[in-house]
């Protein structure tokens, strides 16, 4: 049953509905463009423009689900680059190194994982991104 409406979307029985496509269009390279941190769940919408991404880092505590929302990019998992587009998902096992990069004009993706302690990884700019050196699997 629908209740009130917020700037983020309508509220359904104490749950707010967010439109990821709209958030992605408004993001313009913001990292994070939107986030949610609940008691158990951490969700971040990351937006990168051409030549940007998130630098390689290792998360030893949790698996991470990455969902492509808009545009085209790649996710590196332990040295192997995987092309990710809108509607595609990749699950990154805990303990593996990962990084992201925008392969087109823009790349917006959602990360979801169980809450953990720790800091945000470094955001890469144009000068920090190599051509990848790996293959797109």
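Every number here is computed from the coordinates shown, using simple stated rules; none is lab data. These numbers were taken from a predicted model, which means no experiment stands behind them. When we count neighbours, we look across all protein chains shown, and the Cβ atoms used for this are built from the backbone with ideal geometry, even at glycine.
From largest to smallest, the equivalent ellipsoid semi-axes obtained for region 28-128 from the alpha-carbon gyration tensor read 19, 15, 13 Å. Ordered by the count of other Cβ atoms within 10 Å of each Cβ, fewest first, 26, 49 give 26, 49.
Under the simplified labelling scheme, the residue 65-residue 94 pair shows an inter-label distance of 1.7 nm, with each label point 7 Å from Cα along Cα→Cβ. Legend: ranking of residues 102, 48, 112 from fewest to most surrounding C-beta atoms inside 10 Å; resulting order 112, 102, 48. Here the simple spin-label model places points 7 Å from the Cα toward Cβ, and for residue 17 and residue 39 these points are separated by 2.5 nm.
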